[in-house]
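Below is one structure; the comments refer to it alone.
The values are calculated or read from the model by the stated rules, or taken from the named source; none is laboratory data. Just so it is clear, the model here is predicted, and its values are computed rather than measured. Here the Cβ positions follow ideal geometry from the backbone for every residue, glycine too, while neighbour counts run over all protein chains shown. Surface accessibility is based on the protein's heavy atoms, side chains included, excluding ligands, DNA and RNA. Shrake-Rupley method; radii C 1.70, N 1.55, O 1.52, S 1.80 Å.
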Amino acid sequence: MAEGDNRSTNLLAAETASLEEQLQGWGEVMLMADKVLRWERAWFPPAIMGVVSLVFLNIYYLDPSVLSGVSCFVMFLCLADYLVPILAPRIFGSNKWTTEQQQRFHEICSNLVKIRRRTVGWWKRLFTLKEEKPKMYFMTMIISLAAVAWVGQQVHNLLLTYLIVTFFLLLPGLNQHGIISKYIGMAKREMNKLLKQKEKKNE
């Protein structure tokens, strides 16, 4: 058991080191984005919503086709991939990195590796369910996809995408400030109250 844990830890460390090397040119940008997403200042949440709203208003105004939208998005990613490693050190000054910043960059890369592992793990579980319980797999997939299709039919595609993007960009800050855990705790307490009331009525 201990040997397996050590192997998993070593593999995680190796993957994190590899990702750090790949993203070294993006280090300054990632640290700045991390500060914004974790709401280190009070005006960061409205700034995030403002930027996202401005981007989606432009998309709504221009109304590009799917092919044009995907092409522009990929072109933007290619430009960022080329320009950011060149411009970031000149703007932020990578030679001014502190030990604390290096540690935070390591934590960010480690978290990204863990998210990738969880995603792959869920994907593997899905295929395991398909092999072991095919009926449950197909029923779950059909019901889930039908629900998503119904939501997509009721809500405008652009509005739905805007809400999803905004939620995911605000999610790190919500977790950091304990807002999600607070409301989950409130929901659990309310559920427990309802269950206790139901038990008393049954008695």
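Mind putting a number on the dipole of region 31-144 about its Cα centre? Charges go on the C-beta only, +1 for Lys and Arg and -1 for Asp and Glu, and I need it in Debye to the nearest 20.
The calculation lands at about 500 debye.
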_Residues in region 167-195 that a label on residue 151 would reach, taking backbone N under 16 Å of a point 7 Å out along Cα→Cβ_ = 167-171
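Of the lysine pairs in the chain, how many meet both conditions: Cα atoms under 17 Å apart, and a spacing of 8 or more in sequence or different chains? Present the calculation step by step, with values, prior to reporting the outcome.
Details: 114/124; 124/133; 182/193; 188/196; 188/198; 193/201.
Close lysine pairs found across the chain: 6.
Can you give me the relative contact order of the chain as a percent, contacts being Cα pairs under 8 Å and 6 or more apart?
Details: 69 pairs, mean separation 74.9, N = 203.
It rounds to 37 percent for the chain.
Using the Kirkwood formula on the Cα atoms of region 1-113, what hydrodynamic radius do you get, in angstrom to one decimal?
On the way: mean 1/r = 0.0591 Å⁻¹.
16.9 Å is the Kirkwood radius here.
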_If I model a spin label at residue 118 and residue 190 as a point 7 Å from the Cα along the Cα→Cβ vector, what separation in nanometres do I get?_
2.4 nm
_Förster radius 25 Å - calculated FRET efficiency between residue 84 and residue 179, Cβ distance, rounded to 0.05_ = 0.20
*Got a number for carbon plus sulfur as a percent of the chain's accessible area, 1.4 Å probe?*
66 percent
*asked:* At 0.36 nm per residue, and after removing the present C-alpha to C-alpha distance, how many nm does the segment from residue 159 to residue 62 gain when stretched out fully?
replied: 33.4 nm
_Dipole magnitude of region 1-94, debye to nearest 20 (Cβ charges: Lys/Arg +1, Asp/Glu -1, about Cα centre)_ = 380 debye
*Between 173, 192, 128, whose Cα lies farthest towards the positive end of the dipole of region 125-202 when Lys and Arg beta carbons carry +1 and Asp and Glu beta carbons carry -1, centred on the Cα centre?*
192
*asked:* For residue 145, what accessible surface area do you get with a 1.4 Å probe? Give it in Å², rounded to 10.
replied: 110 Å²
*Using the Kirkwood radius built from alpha carbon pairs, what does the Stokes-Einstein equation give as D for the chain at 10 °C and 1.306 mPa s, in µm² per second?*
74 µm²/s
*Where labels lie 7 Å past Cα in the beta-carbon direction, separation of residue 14 and residue 42 in nm*: 4.9 nm
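Calculate the dipole size of the chain relative to its Cα centre from +1 charges on Lys and Arg beta carbons and -1 charges on Asp and Glu beta carbons; express the result in debye to the nearest 20. Kindly include the intermediate steps, with their values, before the conclusion.
On the way: 24 positive and 17 negative charges, 207 e Å.
Here the chain has a charge dipole of around 1000 debye.
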*Of 60, 140, 163, which is farthest on the positive side of the dipole of the chain, counting Cα position, with +1 on Lys and Arg Cβ, -1 on Asp and Glu Cβ, and the Cα centre as origin?*
140
*Measuring with a 1.4 Å probe in the full set of protein chains, what accessible area per residue, in whole Å², belongs to the chain?*
80 Å²
